[in-house]
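Structure first, then comments.
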Amino acid sequence: MAVDKRAVRLGALALVSVVLLSVVGARLWFLQTVQRSSLQARVQLGKTRTQYLVPERGRIFDAQGRILADNRRVLTVTVDRAVIRRLSQRTELFTRLSGLLDTPVEEMERRYNSSQYSQFLPLPLKEDVAEDVVLQIESRSEDYPGVSGDEDYARVYPYAPLASHVIGFLGLILKNQAADYKAQDYLPNESVGQFGVEKSMESVLHGTRGQVVYEVDSANRIVREISRVDPVPGKDVQLTIDLTVQQYTERILATELQAKRTETNVLNMAKNTKFKDPKDGVIKYKFVNENWQYDADGNQYLPYPAPAGSIVIENYLTGQIAAMASYPNFDNRWFTVGLGDKFKILFPETKDPDKSILVNRAIQGQYNLGSTFKPFVAYSGLTAGVITPTSIFQDDGSWKLESVDKAVCDTGVRCEYFNATSSGTGKPSKYGPIMLEDALAVSSDAYFYAVGEKMWEKNKTLLGQDVALFGFGSKTGIDLPYEFTGRIPSTELKQQLIASHVLGKSEAPRMLVGDNVQLAIGQGLLAASPLQLANAYSTLADGGYLDRPQIVKAIYQGGVPDGYPGYADLPNGNLLQSFDQAEVIHQIPLTPSIANPIVKGLTRVIAGPGVDYPSTVHHYTTGELLFRNYPYPSLPIAGKTGTAQGSQSKPWFDSSVFASFSLDPTRPYTVVSYLEKAGYGAKASGPVVKCVMELLGGQIVKDPVTMSDPLNTAVLTPAQAYPDLNNVDCLSSPFDGLKD
């Protein structure tokens with residue numbers, strides 16, 4: 001008998017239905033109870049749009065209140081990414097906007113695909129859009145869905161290019177910075193400081209962003225404002241830089257470097273490289289250089305390259321920097337106009353340090369210091385007792401090492417070190433019996449070679465330890481980015497340099513007496529920046545107080561009112577913090593018995609007298625004739641010349657250094673000039689320092705500082721040439737044979 005299975009099938013279907021309905025019911029219960037809050041938030045999120053409000057960046061002022069960095073309100077057209085996910089919708093909207101924004105569709109598409117812009121925020125299509133264009137877009141939201149105008153700020157540098165290396169510029173967050181700025185709650189497409197004070201004071205200048213939450217309809221049109229948090233402006237920063245002094249400093253630096261490039265001082269350099277070819281008897285040259293030129297009399301000469309340089313002016317009582325010039329300069333307004341492909345034209349990548357532009361040489365330069373380093377060696381020798389102020393040294397033009405066996409010297413090891421060559425005899429200068437003051441005044445290398453060896457014999461690391469007290473070998477701590485640490489020769493340093501192939505494998509991986517002897521005249525493995533040198537001289541001038549150099553004078557609550565055109569009304573601003581007091585790092589035991597002979601020797605460099613040896617020959621000090629026409633009573637100064645030996649020991653690669661400080665504590669200035677590949681210290685940097693000291697002493701009238709003309713973007717140069725100085729008489733010298 002056949003069995004009717006319909007009842008069984010219906011029962012099975014009923015059971016399945018009950019199970020499915022139970023699952024659906026359980027799921028609905030879960031969604032309506034357990035996940036109700038989170039789902040409601042997601043629904044609400046789909047009905048809202050968040051617009052971030054960019055804070056106004058803090059402004060930057062000079063010491064007199066001039067506005068060095070300002071803001072200009074701009075409108076940026078953005079589009080909600082949800083509206084342009086599909087290519088067809090994106091192309092249609094971009095095509096519609098292209099003519100209105102005067103921007104190619106390809107550029108908007110490039111931005112859409114660029115990693116510079118966040119995938120979770122509205123996409124900026126064009127910045128600095130006219131207000132009437134934004135109103136037209138927002139009034140026709142049905143034609144431009146998701147498109148709006150957001151308020152933003154563009155950076156303005158009213159006095160550019162003055163102090164551009166100090167002020168710096170803004171740029172989008174770089175890939176290697178993204179994680180750090182994300183942790184600080186920055187948006188991915190924000191502009192941040194990338195150089196100068198803009199970078200070092202980023203956290204102070206930036207401010208805190210706000211936001212507005214809107215309810216939107218299905219067409220993404222705003223229905224109402226749900227909430228608003230206003231942005232907090234960044235704080236304003238006042239610098240220690242005085243723009244009138246900065247302007248003169250930058251111009252005198254550029255003027256002297258340009259003059260050195262045409263100078264005919266290196267006449268007949270080929271004399272040292274001439275030889276008669278034994279094969280044909282023809283006079284030839286060992287070194288061929290396409291830069292050799294001829295003067296009006298037919299003499300061959302090689303102009304100094306003089307590619308770059310820097311000047312630092314510091315208040316030695318407070319550490320405040322009155323001016324900091326670096327050449328070649330640049331105009332930081334280029335970074336406000338959207339460089340694009342122009343960046344590589346204006347700032348090409350180069351491995352040649354002579355051509356680097358985006359480098360603040362005052363803090364990033366890595367230089368030998370030449371004889372400007374000798375006062376600190378004198379301090380070490382005096383404190384160690386290897387010399388006294390009155391000990392007599394017989395300078396016969398050289399120093400032969402006493403700690404190295406003569407048999408070793410006979411194998412070819414360098415054991416004799418010579419003074420600089422006399423322009424009169426063509427041989428190493430001889431100064432006869434001299435004391436410390438004399439040695440500093442005429443810059444006797446032999447004297448300091450001897451000190452270097454004696455310090456080595458006493459303690460192999462003592463000289464390095466002593467000069468480190470003046471800040472060499474460590475960062476100064478100034479509020480500027482990318483500062484060079486510096487180098488003091490040591491066994492560890494030599495090993496590092498050998499490992500990094502800076503030094504050859506044939507170099508001994510340890511400090512030798514020759515390294516200490518070279519250190520004693522500021523050569524060899526020593527490296528320091530002009531700021532480190534200035535800070536060391538300030539320490540000497542201030543009785544042994546090593547201060548942290550300061551570039552920031554004060555911080556104000558954002559919104560300091562405007563005063564005269566180009567100025568902020570600082571007295572009516574809300575001062576939060578002042579940095580007028582010196583920040584002492586440590587005090588060096590610089591007693592009068594040690595300091596006085598050093599300062600007297602440096603004073604004689606400027607004012608004389610020199611030494612007589614033999615009795616019929618007078619040796620001027622290295623700066624005496626240069627400063628003969630200096631108005632000494634207006635601002636008494638002490639100083640030291642220096643010539644840092646150049647590559648391959650070729651004199652046209654020598655760099656010129658001069659360091660000085662005022663002897664009047666009511667005008668406590670330290671001035672250091674470093675001109676790369678520009679010759680003797682007294683013939684390039686010396687005149688520059690003389691001019692600056694005359695300016696600071698009131699003998700040169702400061703030109704007024706005027707606001708810049710608009711940036712000419714058609715001329716693709718990093719910065720326009722400086723106007724010529726009205727008077728450069730201070731650069732002249734009555735003596736043309738100065739050295740060191």
message: Name the residue that is surrounded by the most Cβ atoms within 10 Å (Cβ to Cβ), counting only residues in the stretch 165-189 that are within 17 Å of ARG155 (Cβ to Cβ) and free of Cβ contacts under 8 Å to residues at least 40 places away in the same chain.
response: ILE173
- line: Among the residues of the stretch 196-230, the number that are in contact with a Leu (Cβ under 7 Å, 6 or more places away or on another chain) and part of a strand (DSSP E or B) is 3
Residue list for the stretch 564-598, restricted to those being of a type in the set (D, E, K, R), at pLDDT 95 or above and more than 18 Å from GLY471 (Cα to Cα): ASP569
- request: Output the number of the condition that SER656 fails; it satisfies all remaining conditions of (1) surrounded by fewer than 22 Cβ atoms within 10 Å (Cβ to Cβ); (2) within 20 Å of ALA534 (Cα to Cα); (3) of a type outside the set (Val, Ile, Thr).
  value: (1)
- line: Taking the stretch 341-361 and keeping residues more than 17 Å from LYS677 (Cβ to Cβ) and assigned to a helix (DSSP H, G or I) leaves LYS342, PHE343, LYS344, ILE345, LEU346
field: Per-region count, the stretch 616-653, residues free of Cβ contacts under 8 Å to residues at least 60 places away in the same chain, surrounded by fewer than 18 Cβ atoms within 10 Å (Cβ to Cβ) and within 19 Å of GLY601 (Cα to Cα)
entry: 4
- request: Kindly indicate whether any position in the stretch 426-433 is touching a residue at least 40 places away in the same chain (Cβ under 8 Å) and in a strand (DSSP E or B).
  value: yes
- line: For the stretch 62-73 the number of residues that are under 30 Å from ASP580 (Cβ atoms) and part of a strand (DSSP E or B) is 6
query: Going by the conditions given, is SER326 small (Gly, Ala, Ser), in contact with a His (Cβ under 6 Å, 6 or more places away or on another chain), modelled with pLDDT of 95 or more and crowded, with 17+ Cβ neighbours inside 10 Å?
result: yes
task: Take the stretch 659-698 and flag every residue that is in a loop (DSSP other than H, G, I, E, B) and either surrounded by fewer than 22 Cβ atoms within 10 Å (Cβ to Cβ) or without any contact (Cβ under 8 Å) to a residue 40 or more places away in the chain (or both).
output: LEU663, ASP664, PRO665, THR666, ARG667, PRO668, GLY697, GLY698
- prompt: Among the residues of the stretch 473-504, how many are farther than 29 Å from PHE169 by Cα and assigned to a loop (DSSP other than H, G, I, E, B)?
  reply: 8
task: Report, by residue number, each residue of the stretch 576-611 that is part of a strand (DSSP E or B) and touching a residue at least 24 places away in the same chain (Cβ under 8 Å).
output: LEU576, SER578, VAL584, ILE585, HIS586, GLN587, VAL611
task: Report the residue count in the stretch 506-558 for those that are hydrophobic (A, V, I, L, M, F, W, C) and over 26 Å from the mean Cα position of the chain (by Cα).
output: 7
- request: Answer yes or no as to whether TYR159 is over 30 Å from VAL216 (Cβ atoms) and either among the aromatic types (Phe, Trp, Tyr) or surrounded by fewer than 19 Cβ atoms within 10 Å (Cβ to Cβ) (or both).
  value: yes
- line: Within the stretch 96-120, residues under 15 Å from ASN189 (Cβ atoms) and out of contact with any helix residue (DSSP H, G or I) (no Cβ under 8 Å at 6 or more places or on another chain) come out as ARG110, ARG111, ASN113, SER114, GLN116, SER118
- request: Please verify whether the stretch 74-94 includes one or more residues that are within 28 Å of the chain's Cα centre (by Cα) and either surrounded by fewer than 18 Cβ atoms within 10 Å (Cβ to Cβ) or in a helix (DSSP H, G or I) (or both).
  value: no
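The values are calculated or read from the model by the stated rules, or taken from the named source; none is laboratory data. Note that the structure is predicted; figures quoted are calculated from it, not measured. Because the Cβ atoms are built from the backbone with ideal geometry, glycine has one as well, and the counts that use them run over all protein chains shown.
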